[in-house]
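Reading through the structure tokens given below for one structure.
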Amino acid sequence: MTTPSREQASRLFNQEYWLELFKLLQPFVQKSNNIAWIKQYYGAAAFHCQELDHAEESLRQAIILEPKQGWSYYFLGRTLAAKDNTTEAESMLTIAIKYMPNEFWPAFFLLEILLKSGKHIAAHELFLQCNKRFKGNPHLISAARREPSLSKLIEKNMGYAGNLENIVKLKNGQIFITGWSSSPAPQDLLIVKINGKQRTIKALVKGIPRSDIAQLHGYSNNHLGFVLGLNISKLDKNSHIDYFWQEEKVTINIEIINDEPWPQNAEYFLNILSINTLSPIHAIDVFNANIGSALLYLQSQVKGKENIHKAIQNSYSFGPNPSNAAEVSVVIPIYGRWDFIITQLMAFSRDPWFISGRVELIYVLDDPRLAPKLLDWAVSFGKHLLVPFSILILDKNYGFSTATNIGVAKSTASYCCLLNSDIFPINAEWLAPLLTHIKENHNAGVVAPLLLYPDGSVQHAGIIYKISPKIPGIRLNIHPGKGLHWTGGSHPRSVQALSGAAMLIKRSNYDLVGGLSTQFIRGDFEDSHLCEQLKSLGLNCILMPGVQLVHAERQSFPKSDSGDNHANWQVLANAWLAEKLLSPNSKK
């Protein structure tokens, strides 16, 4: 049997294929009493395969044959420690460090043995030695943090642990720097120089929970994340910026935000700052600390109304020929799921208002990815329905407000009904009482039905504004009675605001206030803002509980992969923006 080559064994050793190495060398270890590398490699493999007696015997023989080979002492020390012979294990690992001063692992395992043995003085001395060679090594920090008495030494002698992760730059010169640090003042660890001149850095947000970092490095406190900021608006194209973290120059990728339209910019900005792990009670402090001003800047870059002709990629008509005398245009945006419209259209096809042409039905596909399947179904089955309807295919995803505004702009009736694609009528002719009321009551700016969950409980019966005691300073839209059964009768009543999921409004008034605002991040506050604009004209918001529809709330689009925390902070950002938009000094 031919002895295996050292090159073959070294390859397995370096790749840590311990079982393969053990099997390869086992037949030769007794026959090769004078070959040190076989003894060493076999001993290392035997240790990792839990053959501790074989490992000890082979490694002692390797040391006799080659007494200055550090790895033999290292693996023998590990083996003896596993056999609870910590005294001799310390000696072997100490010798390994002597022969391999630039190898980290002998020092690491010796430190662990000293800590477990309660030899704190020796552990402190070893730690200080390691600091000179392996400063900032996360494994060393993790091991040391298991001993409380070493924690202060870590900060004092190794510097504060931490790292810069992202630099986000806005085109108005605002810069946001994210990362983590064990320091209570991370802004003091960062130096930014512009053309050689140091600039002042502010700590915008500190104490962001980072359980990933805490777990990796053994911190008991996970509030390690931060967002730092500075403003460098007065720069020319030749200006040079240098970043120094704990006095060492660092190079990190800079994200420049402004290439995507709002609200995509705002979503990306909030996500990259990683503030979504913070408790909502900090919302006001976060948005008042330059992050809110950044959102307002991104919002200010909205270029006004989208060019409707450019936004609409294609438009199609289905069903019978539409009437030219529609009284109401029903505009329904589609995003994420299109199949709800099948149930909607089946219900509309039993409604005389829709069949007779009194309703103009417009679907706006705000998700071009769905176009092939939607059009395939519409072409196959749309002609068999009794309801005329059209589908506008937008060239990209614009968001609920813009998609709705485009649909309304293409409508022809004097009144428009905004409707979600996951809302279904309980009875036919549900539009009639809504239209009658708004026509007969000139102070009615917008009217809406009572929306119910599929189980019959209330989903929407008007909106009230309320400052949550858990989130000081943030006014939220609250749906009173949500989840309860309606006991308020059928008489129309004035409310603070209404949901844009189903509302009827006079087209001229919709145009007068500019339609739904596009200045919010997706999904919240556009409807209450619209209501406030109408109320500023002396008009009222009227709930008509005698008209009831079913709303499968938020089923018309898939859940976000980013989780509830991200969505919650998006709502908080919208609430903060709403306060700014509705303040006396804001533009209406």
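The values are calculated or read from the model by the stated rules, or taken from the named source; none is laboratory data. Owing to the predicted nature of the structure, the values given are computational and were not obtained by experimental measurement. Counting neighbours? That spans all protein chains shown, and the Cβs are built from the backbone with ideal geometry, glycine included.
The figures follow:
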| read-out | value |
| --- | --- |
| Strands (runs of 3 or more DSSP E) lying entirely in the stretch 297-414 (those with 2 or more residues that are under 23 Å from residue 552 (Cα atoms) and of a type in the set (Val, Ile, Thr)) | 328-334, 359-365 |
| Count of the stretch 2-45 residues which are of a type in the set (Val, Ile, Thr) and modelled with pLDDT under 85 | 3 |
| Any chance residue 423 is in contact (Cβ under 8 Å) with a residue 60 or more places away in the chain, touching a His at 6+ places or on another chain (Cβ under 9 Å) and surrounded by 20 or more Cβ atoms within 10 Å (Cβ to Cβ) | yes |
| Counted residues, the stretch 545-566 - those being touching a helix residue (DSSP H, G or I) at 6+ places or on another chain (Cβ under 6 Å) and modelled with pLDDT of 90 or more | 1 |
| Subset of the stretch 101-140 (residues that are at pLDDT 85 or above and among the polar types (S, T, N, Q)) | 102, 117 |
| Every pair of residues 6+ apart whose Cβ atoms lie under 6 Å, when the first sits in the stretch 357-369 and is under 13 Å from residue 320 (Cβ atoms) while the second is among the polar types (S, T, N, Q) and part of a strand (DSSP E or B) | 360/329 |
| Members of the stretch 234-256 found to be closer than 19 Å to residue 200 by Cα, part of a loop (DSSP other than H, G, I, E, B) and of a type in the set (Lys, Arg), listed by number | 234 |
| The stretch 467-526, subset crowded, with 18+ Cβ neighbours inside 10 Å, in contact with a strand residue (DSSP E or B) (Cβ under 9 Å, 6 or more places away or on another chain) and hydroxyl-bearing (Ser, Thr, Tyr), residue farthest from residue 421 (Cα to Cα) | 510 |
| Counted residues, the stretch 218-229 - those being surrounded by 22 or more Cβ atoms within 10 Å (Cβ to Cβ) and either farther than 16 Å from residue 189 by Cβ or without any contact (Cβ under 8 Å) to a residue 60 or more places away in the chain (or both) | 3 |
| Condition broken by residue 274, with the remaining ones in (1) over 30 Å from residue 401 (Cβ atoms); (2) surrounded by 13 or more Cβ atoms within 10 Å (Cβ to Cβ); (3) of a type in the set (Gly, Ala, Ser); (4) out of contact with any Leu (no Cβ under 8 Å at 6 or more places or on another chain) satisfied | (1) |
| Verdict on residue 569 being of a type outside the set (A, V, I, L, M), under 12 Å from the mean Cα position of the chain (by Cα) and modelled with pLDDT of 85 or more | yes |
| Some residue of the stretch 181-199 being in the same structural domain as residue 271 (by TED's automatic domain parsing), touching a residue at least 60 places away in the same chain (Cβ under 8 Å) and either out of contact with any Pro (no Cβ under 7 Å at 6 or more places or on another chain) or more than 23 Å from residue 269 (Cβ to Cβ) (or both) | no |
| Yes/no for residue 405 being more than 18 Å from residue 387 (Cα to Cα) and under 33 Å from the mean Cα position of the chain (by Cα) | yes |
| Members of the stretch 35-87 found to be surrounded by fewer than 24 Cβ atoms within 10 Å (Cβ to Cβ), small (Gly, Ala, Ser) and closer than 17 Å to residue 10 by Cβ, listed by number | 36, 70 |
| Helices (runs of 4 or more DSSP H) contained entirely in the stretch 1-72, each with at least 2 residues that are assigned by TED's automatic domain parsing to the domain that holds residue 96 and within 21 Å of residue 101 (Cα to Cα) | 6-14, 36-48, 52-65 |
| The stretch 179-210 - residue that is small (Gly, Ala, Ser), touching a helix residue (DSSP H, G or I) at 6+ places or on another chain (Cβ under 8 Å) and at pLDDT 90 or above and, of those, surrounded by the fewest Cβ atoms within 10 Å (Cβ to Cβ) | 203 |
| Looking only at the stretch 522-549, and only at residues there that are acidic (Asp, Glu) and in contact with a Gly (Cβ under 7 Å, 6 or more places away or on another chain), the one that is farthest from residue 486 (Cα to Cα) | 526 |
